[in-house]
């Protein structure tokens, strides 16, 4: 096996779960996530010579994946659907914490999947993938300040959605 | 004292900007201490505990999200297929 192939394989083994996880939260569907991951690794492999060694492979491949995802979503016009889920974040949020003790992992997963894409992706990249704001900014092509504000709004919405669920149950 | 100067006499939304930085460990130790002292002071002086609550809530949400990291892995057959493709 060539050195390049070996290096790519090492990266694949190291980051495959991270990439799959982000794909799942982007697509909200395991079949689509598998397709997205496959397309992403194929493209990454094809353009691996352009990857600057000693830089962040995870950021690089997630950026590729986001580009593929955006192109695919535009084709399917899913964006309109996502915008319909926008919530009014200007309202006052309640500040009780009790409900947060009662939520489960699946509650939080469902709540993340329901977030509008712009907030969902920063939550995924920051809190699930553990990337720095600067890396997220490069992946989603926005200033660091925008990452910070989307994360803040995303967490506020998430908190509110979890509270709503708690109130309904 | 830089952070104190920025936050003093400012409305909640200015303090809120630092909540995420604090939760995500992006503040230096000194700024972190200043931020915590400031939000505590907000509570004592103005009776406002919005940022204190947000810090608690965001920390809980973040920890739940971190737990999701291990709950989802690439399906074995997809992993095998992709590895085959690379090789």
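The values are calculated or read from the model by the stated rules, or taken from the named source; none is laboratory data. Everything numeric in this text was worked out from a predicted model, so none of it was measured. Note that each Cβ is placed from the backbone with ideal geometry, even for glycine, and that neighbours are counted across all protein chains shown.
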Any residue at all in the stretch B:23-42 that is within 13 Å of chain A (Cβ to nearest Cβ), in a helix (DSSP H, G or I) and at pLDDT 90 or above? yes
Let me confirm something: among A:128, A:105, A:112, A:123, which residue is within 9 Å of chain B (Cβ to nearest Cβ), surrounded by fewer than 16 Cβ atoms within 10 Å (Cβ to Cβ) and at negative phi? A:105
Are any residues in the stretch B:73-87 surrounded by 15 or more Cβ atoms within 10 Å (Cβ to Cβ) and modelled with pLDDT of 85 or more, and if so, which ones? B:74, B:78, B:79, B:82
If you check residue A:112 against the conditions, is it part of a helix (DSSP H, G or I) and touching a residue at least 60 places away in the same chain (Cβ under 8 Å)? yes
Among the residues of the stretch A:148-165, how many are farther than 22 Å from residue A:132 by Cβ and surrounded by fewer than 20 Cβ atoms within 10 Å (Cβ to Cβ)? 4
